[in-house]
Amino acid sequence: MQAVYGLYSDPSRAQRAFDSLRAAGVEEHGIAVVSSVPWEEYEFARRDRRTPMAWLAALGGLLGGVSGYLLAGLTQKAYPIPTGGMAINVPWTNGIITYELTMLGAILVTLITLLISAHIPDWTPRVYDPAVADGCILVGVVNPRHDSRVEIERSLREAGADSIKEANVTNRWRI
Amino acid sequence: MQRHDAPLDSGLSTLAILLLVTCHSSMVQTMESKAQKKWAMVVDLDRCTGCEACVVACHAENNIPTVGEEQAAMGRAMHWMRVERYYQGDFPNVRVKFIPVFCQQCDAAPCEPVCPTYASYHTAEGLNGQVYNRCIGTRYCANACPYNVRFFNFYNPVWEKPLHLQLNPDVSVREVGVMEKCTFCVQRIKAAEITAKADKRELKDGDVQPACAQSCPPKALVFGDLNDPTSEVSRLAGSNRATRLLEELGTKPKVIYLQRESWGDGKES
Amino acid sequence: MEKSPNQITEDLLRPLLRTSPKYYFAVALLAAVVVVAFAAFGYQAYSGLGVSGLRRPVFWGFYITNFVFWIGISHAGTLISAILRLANATWRRPVTRCAEVITVFALSIGAMFPVIHLGRPWLAFWLIPYPSERQIWPNFRSPLVWDFFAINTYLIGSVAFLTLPILPDWALVRDKASGWRKRVYGFLSLGWRGTPRQWSRLESAMHIMAIVIIPVAVSVHTIVSWDFAMAPVPMWHSTIFGPYFVAGAIFSGIAALILAMACLRKFLHLEDYLKPLHFDNLGKLLLMMSLLWFYFVFAERLTTWYGNEPSEMAVFWTTQQGAYAPLFWTMVFCNFLLPFPILAIKRLRTITGTVIASTAVVAGMWLERFLIIVPSLSHKFLPYNWGTYRPTWVEITIMVGTFAGMALLYALFAKAVPIISIWELKLGLHEKSEVRSQETEGRGKLAFGGQEKLET
Amino acid sequence: MLSGSQSRWIVIFVAACALVFLIYVGRADTRSPRADEDTRARVSPVFTPAHRSVLDAVRDFFNRRPVPVQPLAFTHKVHLANGMHCTDCHTAVEAAPVAGIPGVELCMTCHQMIAADKPEIKKLAAYQKRGEDIPWQRVYAFSPTVHVKFNHAPHIRAGVECKTCHGDMTQQTVAVRAVDLNMGYCVNCHRQKQASTDCITCHY
């Protein structure tokens, strides 16, 4: 896998590079962006913002609640212990278990949604540069069409890149 | 920073929970008790002389260990049955009031719901069961019990040989870390039930006698079935002297105390 | 003086990459104490609970005191951090992580105590509902089972809440470190790169978790209070216990957080990050909680006194002027009389001032838990059975061991993870500089939080 | 710091130690419990329900029970094949909590004559001659920590066959623990037969 990218120490330059790449005809989702800080105010970082995570969390809560209810209610019914007329299956206390498992369900589903939708963990080769750790923003294109390569490099450079790099993303990713 | 709304719709979740609770109430299950028996004890305080024969009998019957002087002084002595002494009046006109206290076998026992493992639970016959093998030793039941009649094995009990030969084989020898308490001599109840069943007859009043009642010289302790209107216990429980210990807590104890007729009002007996 | 991002990185990664001999010595010392505490627990499990000072009628003593205390301390972190995160309080950034760590460790330590105090600790797993051949389930009516569920939920949530924002920092360490560290942190960071997608998902997840975890935290300490309130014991059986315990928990939690921050600031030389501002703000919070705590204690005592129920009055008087009175008034001094003036007077609300107040509060809150448990149990309904309680060396050793364990875990954590969230700090820095640059230049970027681009 | 291979070896070593420990704990104990009790009796002047050692406690926790070694190679198979009934020797089973293990005198009522020349019977006769009883080892005992009070008589009266809990004795020589009498086994049967499943029916 080939990648061409520029490193920008300034987010507005990164934004300019992002814009000129799009002007050069690169599809928005073909542009790779990597940063050490979530530059949420900039457009280049505002991709993929839509996520059903909150709805999934609510669903997870519902799921957790139902399983909590089943755990506390049905299991005691399935394993009845003779209690001499005392209630063994009590809505109020089962409500506490249901409540806790509702919350647990929401937490776990949020966690799982995050891991899956953000591709974590991910050990496959991806475009990256350790300079990101120094605060640089990486903007580039992975597997550019051969004929557009020159134009991409020009766009990146004109946006004010600190450096332009071409990388062969074949190494096993970071470990 | 993130500005989007949090669509974790609390209204929706509330609705769902409400729905669940509603469904639940349709399946709430109380095991209907078909108990033919309701074991109870009557303690006639007028008759009690405070001789503590019941305490000794209880120790012997139920394999209750003696913990030794040092531990007893710390407050770790185990007496399923104890005779509490309360003093009334000023010297020299002092009178001692004896109250034998043991597990009250409450119908609404505070010790039962707090046990996380069902080691303390309500039996079909209305006893407060204590299942030693299920006990993990949270001692929560002992805290919840208003009568302080639950005891904890702080150490493994020890019997100097050959005293171990007098251990009752019908009763467990409890080990370290478990709670124990008066069982109304459940081993005797079980034995009587099995015998009655073998003889193809019903249990009759007087078939079961716990060790304390059996050994009480003035017959201050009477044991029997409260559901049987002809039993001695039922008769005595109907007395106008009948009262229950800490009745105001709503524990519905099945031990009925017959108050002293002559005092409590300051009159000479 | 504003630090540059690279300066921040270097300052905050220093503890991870360089270790002084003093650190090893401290860790060895703390570990030794912890080992001794574990040995004491082993001794207790082998011999029986008789080696503790517990006796009839005081069946709960130091262990449950410590349980409630540590669960209370655990409310420092995740709860405060979640509230500050939701309120978008920007000063929170250097504080959140060291607060969340307190939650995770204090909760783990606190959760050990119900097991330590069991008569048969090896059977603690019977609280887990799993299908066994015995065909019997835990009793869901028992507050201890609620505890089991609540604490585990809170622990899982807190660990996630703590760990997720660490990933970008671990990725940073991966890029900055070399040798074995690079590999270890490379693994720990789970391949975090920092794509817009990852950042936005992380933000969403943290947002949701912050909302979810606050009611969980409240429920946890409410349920801990119900351990007491569900038992018909004088002065336990009270509706006020839920909010009372939650308020007390946050109170002691903030105090613990201030102490932890002061230690970090001193030992890791973070003077430029944990500033007097943070101590001042937390000091104000602590002041508010101190007043709230006093209100609850007052309300509890007042209603008891007016209720004039004999068994409750027995407990009441033993704490007001009986055997437990010295402890009670020490508690009032530590929790209110001392911290109130220190925290209320701006000139005294310095770092030293808040540390003194926090130390008093931590001690006072520990006493409060002791005073809730022991006087009530020793004065139950039948005066014939009144008793007393004195801890033994086993209980004291285990208690000291947990304090050492907390310090040890904290020290180890500060060695493995940047104790201040580097990326969040940098983010704060950029936001500040952007607000500035926006004012001067108004260049091509989105307005802060707006939807439109100013310039294309 | 440790290199990768070093740490790998440490992990393997720790895992191996754990494995050895588990095998040691889990391995069936073939010592005769009786002999142990004898030494214990000599050593300790007191009786206590405590486990003899931590290892014993761990074994009990994992439900590993000692395999009994009987003093005589008694064969149930032969006796039952010759038309005897369980109750001929386990005489108390219909009336008492314990079924009873026959004493040497009961055995010798028949074996005075029958098969008296077999080596095992000679051992039997030797026991009688010495006036000793045969130190039979229990096969189906419950661990004392489970606090089960089992009573044979009501079960026999309710028509439970011996083999339900003891397996097919016509195929066994020395009795072996053919059925794992765990709590689930008891509870299931009680449920089926509508017998009480109240905990206190058995645990007190």
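What residue, of D:VAL187, D:VAL98, is open to solvent by less than 30 Å² (accessible area, probe 1.4 Å) and either of a type in the set (A, V, I, L, M, F, W, C) or assigned to a helix (DSSP H, G or I) (or both)? I'd like the intermediate steps shown before the answer.
Numbers: D:VAL98 fails: open to solvent by less than 30 Å² (accessible area, probe 1.4 Å).
None of the other options fit; the residue is D:VAL187.
From D:CYS199, D:CYS162, grab the single residue that is surrounded by 14 or more Cβ atoms within 10 Å (Cβ to Cβ) and within 14 Å of another protein chain (Cβ to nearest Cβ).
D:CYS199
Can you pull out the residues in segment C:333-361 that are closer than 26 Å to C:SER238 by Cβ and surrounded by fewer than 17 Cβ atoms within 10 Å (Cβ to Cβ)?
C:PHE333, C:LEU337, C:PHE340
For segment C:176-187, which residues satisfy the criterion of being buried (at least 19 other Cβ atoms within 10 Å of the Cβ) and either more than 9 Å from chain A (Cβ to nearest Cβ) or part of a loop (DSSP other than H, G, I, E, B) (or both)?
C:TYR185
Looking only at residues that are assigned to a loop (DSSP other than H, G, I, E, B), more than 7 Å from chain C (Cβ to nearest Cβ) and touching a strand residue (DSSP E or B) at 6+ places or on another chain (Cβ under 8 Å) in segment A:121-146, which one is nearest to C:THR9 (Cα to Cα)?
A:CYS136
Checking the conditions here, which among A:ASN94, A:ASN89 is more than 37 Å from the chain's Cα centre (by Cα), under 21 Å from C:ASP147 (Cβ atoms), in contact (Cβ under 8 Å) with a residue 12 or more places away in the chain and facing chain B (nearest Cβ under 7 Å)?
Matching residue, one of A:ASN94, A:ASN89: A:ASN89.
Among the numbered conditions (1) touching a residue at least 40 places away in the same chain (Cβ under 8 Å); (2) over 28 Å from C:LEU264 (Cα atoms); (3) part of a helix (DSSP H, G or I); (4) open to solvent by 70 Å² or more (accessible area, probe 1.4 Å), tell me where C:ALA323 comes up short.
Single failed check for C:ALA323: (3).
How many of the residues making up segment A:27-52 are in a helix (DSSP H, G or I) and either surrounded by 23 or more Cβ atoms within 10 Å (Cβ to Cβ) or touching a strand residue (DSSP E or B) at 6+ places or on another chain (Cβ under 7 Å) (or both)?
Number of matching residues: 4.
Kindly list the number of the only condition in (1) open to solvent by 10 Å² or more (accessible area, probe 1.4 Å); (2) without any contact (Cβ under 8 Å) to a residue 40 or more places away in the chain that fails for C:PRO138.
With (1) open to solvent by 10 Å² or more (accessible area, probe 1.4 Å); (2) without any contact (Cβ under 8 Å) to a residue 40 or more places away in the chain applied to C:PRO138, the lone miss is (1).
Name the residues in segment B:99-134 that are at the interface with another protein chain (Cβ under 8 Å from one of its Cβ atoms), closer than 15 Å to C:LEU127 by Cβ and either assigned to a strand (DSSP E or B) or open to solvent by less than 10 Å² (accessible area, probe 1.4 Å) (or both), would you?
Result: B:VAL114, B:PRO116, B:THR117, B:TYR118.
What pairs come out if I take residues in segment D:71-84 that are small (Gly, Ala, Ser) and pair them with residues that are open to solvent by less than 50 Å² (accessible area, probe 1.4 Å) whose C-beta lies under 9 Å away, six or more apart or interchain?
Within 9 Å, the pairs are D:ALA73/D:VAL174.
So, in segment B:39-82, of the ones that are of a type in the set (D, E, K, R), without any contact (Cβ under 8 Å) to a residue 40 or more places away in the chain and out of contact with any strand residue (DSSP E or B) (no Cβ under 8 Å at 6 or more places or on another chain), which residue ends up nearest to the other protein chains (Cβ to nearest Cβ)?
Going through the qualifying residues, I end up with B:GLU70.
For segment C:152-175, enumerate the residues that are touching a Leu at 6+ places or on another chain (Cβ under 6 Å), within 8 Å of chain A (Cβ to nearest Cβ) and in contact (Cβ under 8 Å) with a residue 60 or more places away in the chain.
C:THR153
How many residues does segment D:147-173 contain that are assigned to a helix (DSSP H, G or I) and touching a residue at least 24 places away in the same chain (Cβ under 8 Å)? Show your work before the answer.
Taking segment D:147-173 first, the residues assigned to a helix (DSSP H, G or I) are D:152-157, D:162-166, D:169-171.
Those still in the list that are touching a residue at least 24 places away in the same chain (Cβ under 8 Å) too: D:152-153, D:156-157, D:162, D:164-166, D:169-171.
The qualifying residues number 11.
Which condition breaks for C:MET288 when tested against (1) outside any helix (DSSP H, G or I); (2) free of Cβ contacts under 8 Å to residues at least 60 places away in the same chain?
(1)
Answer yes or no as to whether B:ARG85 is farther than 23 Å from C:GLY50 by Cα, at the interface with another protein chain (Cβ under 9 Å from one of its Cβ atoms) and out of contact with any His (no Cβ under 7 Å at 6 or more places or on another chain). Spell out how you get there, then give the answer.
On the way: farther than 23 Å from C:GLY50 by Cα: yes; at the interface with another protein chain (Cβ under 9 Å from one of its Cβ atoms): yes; out of contact with any His (no Cβ under 7 Å at 6 or more places or on another chain): yes.
The answer is yes for B:ARG85.
Can you confirm whether segment A:79-94 contains a residue that is part of a helix (DSSP H, G or I), open to solvent by 30 Å² or more (accessible area, probe 1.4 Å) and farther than 30 Å from A:ASN168 by Cβ?
Step one: list which residues in segment A:79-94 are part of a helix (DSSP H, G or I), which gives A:91-94.
Now drop any that are not open to solvent by 30 Å² or more (accessible area, probe 1.4 Å), which leaves A:91-92.
Remaining after also requiring farther than 30 Å from A:ASN168 by Cβ: A:91-92.
Yes, that holds for at least one residue.
Consider segment A:65-77. How many of its residues are open to solvent by less than 10 Å² (accessible area, probe 1.4 Å) and either more than 7 Å from chain C (Cβ to nearest Cβ) or in contact with a Leu (Cβ under 7 Å, 6 or more places away or on another chain) (or both)?
Initial filter on segment A:65-77 (open to solvent by less than 10 Å² (accessible area, probe 1.4 Å)): A:65, A:68, A:72-73, A:76.
Still in the list and also either more than 7 Å from chain C (Cβ to nearest Cβ) or in contact with a Leu (Cβ under 7 Å, 6 or more places away or on another chain) (or both): A:65, A:68, A:73.
Final tally of qualifying residues: 3.
Can you confirm whether segment B:38-47 contains a residue that is open to solvent by 30 Å² or more (accessible area, probe 1.4 Å), under 18 Å from the mean Cα position of the chain (by Cα), modelled with pLDDT of 55 or more and closer than 28 Å to D:SER196 by Cβ?
For segment B:38-47, residues open to solvent by 30 Å² or more (accessible area, probe 1.4 Å), under 18 Å from the mean Cα position of the chain (by Cα), modelled with pLDDT of 55 or more and closer than 28 Å to D:SER196 by Cβ: present.
Of the conditions (1) more than 26 Å from A:ALA118 (Cα to Cα); (2) open to solvent by 10 Å² or more (accessible area, probe 1.4 Å); (3) not assigned by TED's automatic domain parsing to the domain that holds A:LEU156, A:LEU62 clears all except one; give me its number.
Against the list (1) more than 26 Å from A:ALA118 (Cα to Cα); (2) open to solvent by 10 Å² or more (accessible area, probe 1.4 Å); (3) not assigned by TED's automatic domain parsing to the domain that holds A:LEU156, A:LEU62 comes up short only on (1).
Can you report the number of residues in segment C:198-236 which are closer than 30 Å to B:GLU248 by Cβ and at the interface with chain A (Cβ under 9 Å from one of its Cβ atoms)?
Selection size over segment C:198-236: 2.
Could you tell me whether segment A:103-125 includes any residue that is modelled with pLDDT under 80 and among the hydrophobic types (A, V, I, L, M, F, W, C)?
Checked segment A:103-125: at least one residue is modelled with pLDDT under 80 and among the hydrophobic types (A, V, I, L, M, F, W, C).
Looking at segment D:125-144, which of its residues are part of a helix (DSSP H, G or I) and touching a helix residue (DSSP H, G or I) at 6+ places or on another chain (Cβ under 6 Å)?
Answer for segment D:125-144, where residues must be part of a helix (DSSP H, G or I) and touching a helix residue (DSSP H, G or I) at 6+ places or on another chain (Cβ under 6 Å): D:TYR127, D:GLN128.
Is it the case that some residue within segment C:58-77 is within 11 Å of chain B (Cβ to nearest Cβ), open to solvent by 10 Å² or more (accessible area, probe 1.4 Å) and not β-branched (Val, Ile, Thr)?
The answer is no; no qualifying residue exists.
Please verify whether D:VAL139 is loosely packed, with under 15 Cβ neighbours inside 10 Å and at pLDDT below 90, treating the condition exactly as stated. Spell out the reasoning first.
Values: loosely packed, with under 15 Cβ neighbours inside 10 Å: no; at pLDDT below 90: yes.
Here the answer is no, as D:VAL139 does not meet what is asked.
Hey, can you tell me all the residues within segment C:103-139 that are more than 9 Å from chain B (Cβ to nearest Cβ), touching a Ser or Thr at 6+ places or on another chain (Cβ under 7 Å) and of a type outside the set (Ser, Thr, Tyr)?
Hits for segment C:103-139 are C:VAL104, C:ALA106, C:LEU107, C:ILE109, C:GLY110, C:PRO129.
The values are calculated or read from the model by the stated rules, or taken from the named source; none is laboratory data. Everything numeric in this text was worked out from a predicted model, so none of it was measured. Positions of Cβ are backbone-derived with ideal geometry, glycine not excepted, and every protein chain shown enters the neighbour counts. With ligands, DNA and RNA removed, areas are computed over all heavy atoms of the protein, side chains included. Shrake-Rupley method; radii C 1.70, N 1.55, O 1.52, S 1.80 Å.
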